[in-house]
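Heads up, the thing below is written out as structure tokens.
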Amino acid sequence: MRGVQRQRVPWQRVLPFLTLLASVAAVPAPADAQCIDEAIRDELNARRRYRGVQERIFQKALRHELSVMGGFYAADLTSSHWQVQGAYTFHLSEALGLELRFAYTRTESDIVRIIEDEIGAPILQVDRDVFIYTGHLLYSLAYGKMRWFGGPIGRFDLYLAAGGGVTDNQTARGLTFSGGLGLKLYWGSGFAFRGDFRDQLLQQELLGESVLVNNLVGTLGISVFLPFRP
């Protein structure tokens, strides 16, 4: 019995099949797959933008800010008193601003009044007008947002202030150094509520002695930004 002989397949028959496979492999990806790749790429780019620095909705750069404020003036050697202030700020950028500030208050001393009542004669005139002229460099530490009682989202700035100036009264001597922090809550395109706390360091003379004092100032007020922007 003869064995079954293997038949050899000629290359002429295999070649068309290989050519068909190569042509199928060379066919470009469907349009649906390309759309999916573009969607994934857009999503990744959006996430990168979210992790980066976000654009401020309330813009301050190259704008002028006019402020009116009022609060308390707590002096070391005299009693606390009210204070009114006005300020002008030019914002060099979103982070830096130059502020000029004028403040008016009065000095009073309950201790001196008690001593004068006991001895029956005036020993020192402490009821005086006080004029304070200062300039500060403002630096924004943080820019954020918050929602008020389920209402609209508001923006705010937390900033530092450092500078100095002159305290004009008969007991102050030399320069006044000033520093502190503040908070601004923005609404609309050109308005803000602001709260400031400053520590003023200066030399003050009382009863013939010159001492270094820290006078604390806390104020609340409103600001308007110019020019207005939509």
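Please go through the stretch 193-213 and give me each residue that is more than 14 Å from Tyr159 (Cα to Cα) and modelled with pLDDT of 90 or more, ordered by number.
Result: Asp199, Gln200, Leu201, Leu202.
Take the stretch 140-188 and flag every residue that is touching a residue at least 60 places away in the same chain (Cβ under 8 Å), surrounded by fewer than 19 Cβ atoms within 10 Å (Cβ to Cβ) and not in a strand (DSSP E or B).
Hit for the stretch 140-188 is Asn169, nothing else.
Search the stretch 74-99 for residues being part of a strand (DSSP E or B) and among the aliphatic types (A, V, I, L, M), and hand back the single one that is nearest to Tyr159 (Cα to Cα).
For the stretch 74-99, the residue satisfying everything is Leu96.
Specify the residue that is surrounded by the most Cβ atoms within 10 Å (Cβ to Cβ); the eligible residues are those in the stretch 201-229 that are of a type outside the set (A, V, I, L, M) and closer than 13 Å to Lys60 by Cα.
Of everything passing the filter in the stretch 201-229, Phe225 is surrounded by the most Cβ atoms within 10 Å (Cβ to Cβ).
Which one of these does Leu137 not meet: (1) without any contact (Cβ under 8 Å) to a residue 40 or more places away in the chain; (2) within 15 Å of the chain's Cα centre (by Cα); (3) closer than 16 Å to Glu65 by Cβ?
(1) is the only condition that Leu137 fails.
Is it fair to say Arg198 is basic (Lys, Arg), farther than 18 Å from Leu92 by Cα and buried (at least 16 other Cβ atoms within 10 Å of the Cβ)?
yes
The values are calculated or read from the model by the stated rules, or taken from the named source; none is laboratory data. Note that the coordinates shown come from a computational prediction; the quantities given were computed from them, not determined experimentally. Backbone-built Cβ (ideal geometry, glycine too); neighbour counts: all protein chains shown.
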